[in-house]
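*Asks:* Submitted below is the structure of interest, expressed as structure tokens.
The values are calculated or read from the model by the stated rules, or taken from the named source; none is laboratory data. Keep in mind it's a predicted model, so treat the numbers as computed, not measured. Neighbour counts run over all protein chains shown; Cβ positions are idealised from the backbone, glycine included. Please note that ligands, DNA and RNA were not included when accessible areas were found on the heavy atoms of the full protein model with its side chains. Shrake-Rupley method; radii C 1.70, N 1.55, O 1.52, S 1.80 Å.
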Amino acid sequence: MKLLKLFIALNLSVNLMLLTPLSANAAPKVVEQVAAVVNNNVILESDVSDMLKTIKASTDPSSLPNDKILRQQIIDRLIVEKLILQRAAKAKITISEDQVTAAIENIADENGMTIDELRSRLSTMGMSYSTYRDRIHNDMLIEQARLHEVRNRIQISDREVENLSKTMASQPTKNIDVKISHILIAIPETASKQQIDNATNKAIDIINRAKKGENFAKLAASFSNDDLALKGGAMGWKKINELPTIFEERLIRAPKGSVIGPIRSGIGLHILKVDDTRAEAPQKITLQEVNARHILIKTNVLVTDQIAKQKLTDLRKAIISGTTTFTAAAKANSEDTGSKDSGGNLGWNRPEIYDDRFRIALIKLKKGEISQPIKSSYGWHLIQLIDSRQTDGTNLAKKDQAYRLIFNRKFAEEAQVWVQELKGDAYIKITGENNNE
């Protein structure tokens, strides 16, 4: 992550100043101007100005439209953020201070800085650390709310996953990555023929301008109606299969530099630019599997951690000395009803399926070795590694990848619809400068 990316779209969230009575000699106090009203909240002119300054300080000027158009895009972005934050509050979604601290520590680490160095960098940009924390908190809250709301709208069947994984295996030419930029010209659900015609003409004009060499990022920042507008429409690297089907069909053979569209969807018209492409080399994926067995002792009011641990310690000594066998000890003592009758046998599995502490202890064992007593979320265990092997996990990995690609595709589609629904159900009034209403 580049550092400048951290400061894109940062804006102060401040309260309205209260008017105070004026004496004969008192100077009038300036009241914060409202740029927009979003249901029962407001967006202040200072919010817009702060974001405008930040974007202009961190973006190539050639990729930005004039201030009037940029300001309109910023207001639209802030409106969407307000709507999502309102939704988060309604759903009682929260982000803890510890989560914010961890996120900021990760950001600093990714940029090769300490927290103190990050504070210093923020200071040179005229931003307080507390304001930065507030912004990160809101960003995390917005992302969590988006996941919470949109994920519940997505359904993926086993057949969809199976079909895509087979396609990916049989048609490697489709397993291609594309770096694309995007412009959305939104069309209301109840649009008239005139509105549709106007949107179509606008999209065609943008496409013609892009094909003649105009800066696509600047066109996106000027005209796009989605949340990537202020990033020049950049979607970054995507796999063809994770893009909406209507995009995939047009991009599959599109060369670098192509401008594609308009593509009609349920929310409007889309324009795509292929910034780059790269092929995905077929890879064989190997997975580790382990065959293990265990003895489980659960704790309760009468069986403390100390008692359970000591019992397993004694059983381990008995097994190693030959006084008993692991199978016999498991059948007589294990409280795992699913495995005790088979001598504690768990069969062949990937280590990832086990409880973290159990897994960590298991993968450290040598063949035939018995662990010391290990506590997991289920109780106390003795674990023996019977054997391990490497298996061809290509098909399983393809299914996992297919699921993720389908999820990403559906999430992108549903997220855009969800935002349009939020805007359609809200009271929104733009009241600030350059308002044409």
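*Asks:* Please tell me if Thr101 is in the same structural domain as Asp47 (by the TED database) and part of a loop (DSSP other than H, G, I, E, B). First the steps, then the outcome.
*Replies:* On the way: in the same structural domain as Asp47 (by the TED database): yes; part of a loop (DSSP other than H, G, I, E, B): no.
No; evaluated as a whole, the condition is false for this residue.
*Asks:* Moving to a separate point now. Looking at the stretch 342-380 only, could you name the residues that are within 20 Å of Leu287 (Cβ to Cβ), of a type in the set (A, V, I, L, M, F, W, C) and open to solvent by less than 90 Å² (accessible area, probe 1.4 Å)?
*Replies:* Across the stretch 342-380, the qualifying residues are Leu346, Trp348, Phe358, Ile360, Ala361, Leu362, Ile363, Leu365.
*Asks:* Regarding Ala220, is this residue farther than 25 Å from Ile406 by Cα, surrounded by 12 or more Cβ atoms within 10 Å (Cβ to Cβ) and not assigned by the TED database to the domain that holds Leu64?
*Replies:* Values: farther than 25 Å from Ile406 by Cα: yes; surrounded by 12 or more Cβ atoms within 10 Å (Cβ to Cβ): yes; not assigned by the TED database to the domain that holds Leu64: yes.
Yes; evaluated as a whole, the condition is true for this residue.
*Asks:* Going by the structure shown, is Ala292 out of contact with any Lys or Arg (no Cβ under 7 Å at 6 or more places or on another chain), surrounded by 15 or more Cβ atoms within 10 Å (Cβ to Cβ) and outside the structural domain of Ala191 (by the TED database)?
*Replies:* On the way: out of contact with any Lys or Arg (no Cβ under 7 Å at 6 or more places or on another chain): yes; surrounded by 15 or more Cβ atoms within 10 Å (Cβ to Cβ): yes; outside the structural domain of Ala191 (by the TED database): yes.
Taking the combined requirement at face value, the residue satisfies it.
*Asks:* Scan the stretch 342-355 and give yes if some residue there is outside any helix (DSSP H, G or I), at pLDDT 95 or above, of a type in the set (D, E, K, R) and touching a strand residue (DSSP E or B) at 6+ places or on another chain (Cβ under 7 Å), otherwise no.
*Replies:* No, the stretch 342-355 contains no residue that is outside any helix (DSSP H, G or I), at pLDDT 95 or above, of a type in the set (D, E, K, R) and touching a strand residue (DSSP E or B) at 6+ places or on another chain (Cβ under 7 Å).
*Asks:* Which of (1) surrounded by 18 or more Cβ atoms within 10 Å (Cβ to Cβ); (2) modelled with pLDDT under 90; (3) out of contact with any helix residue (DSSP H, G or I) (no Cβ under 6 Å at 6 or more places or on another chain) is the odd one out, the single condition Glu433 does not satisfy?
*Replies:* If we test Glu433 against (1) surrounded by 18 or more Cβ atoms within 10 Å (Cβ to Cβ); (2) modelled with pLDDT under 90; (3) out of contact with any helix residue (DSSP H, G or I) (no Cβ under 6 Å at 6 or more places or on another chain), just (1) comes out false.
*Asks:* Right, next: For the stretch 126-166, which residues satisfy the criterion of being surrounded by 14 or more Cβ atoms within 10 Å (Cβ to Cβ), without any contact (Cβ under 8 Å) to a residue 60 or more places away in the chain and either under 30 Å from Pro255 (Cα atoms) or assigned by the TED database to the domain that holds Trp418 (or both)?
*Replies:* Correct list: Lys166 only.
*Asks:* Are any residues in the stretch 34-68 farther than 26 Å from Arg87 by Cβ and either in contact with a Ser or Thr (Cβ under 8 Å, 6 or more places away or on another chain) or open to solvent by less than 40 Å² (accessible area, probe 1.4 Å) (or both), and if so, which ones?
*Replies:* Hits for the stretch 34-68 are Ser58, Thr59, Ser63, Leu64, Pro65.
*Asks:* Moving on. As an exercise: evaluate Arg278 against (1) in contact (Cβ under 8 Å) with a residue 60 or more places away in the chain; (2) open to solvent by less than 60 Å² (accessible area, probe 1.4 Å) and give the number of the one condition it does not meet.
*Replies:* Checking Arg278 against (1) in contact (Cβ under 8 Å) with a residue 60 or more places away in the chain; (2) open to solvent by less than 60 Å² (accessible area, probe 1.4 Å), the one that fails is (2).
*Asks:* Please list, ordered by first then second residue, the pairs with beta carbon atoms under 9 Å, 6 or more apart or interchain, first in the stretch 221-242 and touching a residue at least 12 places away in the same chain (Cβ under 8 Å), second among the aromatic types (Phe, Trp, Tyr) and open to solvent by 20 Å² or more (accessible area, probe 1.4 Å).
*Replies:* Hits for this filter: Ala229/Phe223; Glu242/Phe407.
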